[in-house]
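Below you'll find the structure, written out as structure tokens, and then a few comments.
Values quoted throughout were computed directly from the atomic coordinates according to the rules given, and no laboratory measurement underlies them. As the structure is a computational prediction, the values presented were derived from the model and not from experiment. Cβ: placed from backbone, ideal geometry, glycine included. Neighbour counts: every protein chain shown.
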Amino acid sequence: MAGTSLITRYLNAPLPTISEQKRLPFRPEPREIEALYRSINKHVFNNELTEPEIYMHSIKKCWGLCNWEDQRQKRGSHGTRGTWCYLEISDKWFSPQWCVNVLAHEMVHQYQWDIYRWQHREEFGREINLRSAAHGPSFFAWRGYMSDYGLDLKTSHGMKRWFKHQDLRRC
């Protein structure tokens, strides 16, 4: 676990007061998010993911998205390994803890699209059902791996419960 210092640093960062959190004070630079992506990829995904384009901007009604594509994207498309998606995440957060959990969540979706769908095709001879793959068994199979690193894999986190408990496991 010593190598997970970046993940640990985000998860153990001091929380701002609730009134400060509501102003979304955590605003990481793109290079910070890219470094965090590489750390999660190394420790949780054993460097199986190819880093996609990560767009940071204000997103309405969610904190992050993994946009699945039917063709390889430019970034990371070397050899037969490439990425078939790109990530969008918010540029403003309540806390570093919220940010790292959302990024890890979106990386699970990337794994489903870039790796699992090809394994599924080989094993079953057909494409995965996109609706069931999104938050289905192949998504929650990562819950144990995530918890080993202090990350909490859920379909969504409740903001009201976050402000009440300040604990991602309880929201």
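Counting neighbouring Cβ atoms within 10 Å and putting the fewest first, the residues C99, C85, C62 line up as C62, C85, C99.
Between E122 and K61, the modelled labels are 3.7 nm apart [label points 7 Å from Cα along Cα→Cβ]. Each Lys and Arg adds +1 at its Cβ and each Asp and Glu adds -1 at its Cβ; summed about the Cα centre, the stretch 2-170 shows a dipole of about 640 debye. Each residue of the chain gets 122 Å³ once the volume of the Cα convex hull is shared out per residue.
When the Cα positions of M159, Q119, N67 are compared along the charge dipole of the chain, M159 comes out farthest toward the positive end, with charges on each C-beta of Lys, Arg, Asp and Glu. Reducing the stretch 133-171 and the stretch 88-117 to their Cα centroids gives an inter-centroid distance of 11 Å.
Relative to the longest principal axis of the Cα atoms of the chain, the long axis of helix 96-111 makes an angle of roughly 10 degrees.
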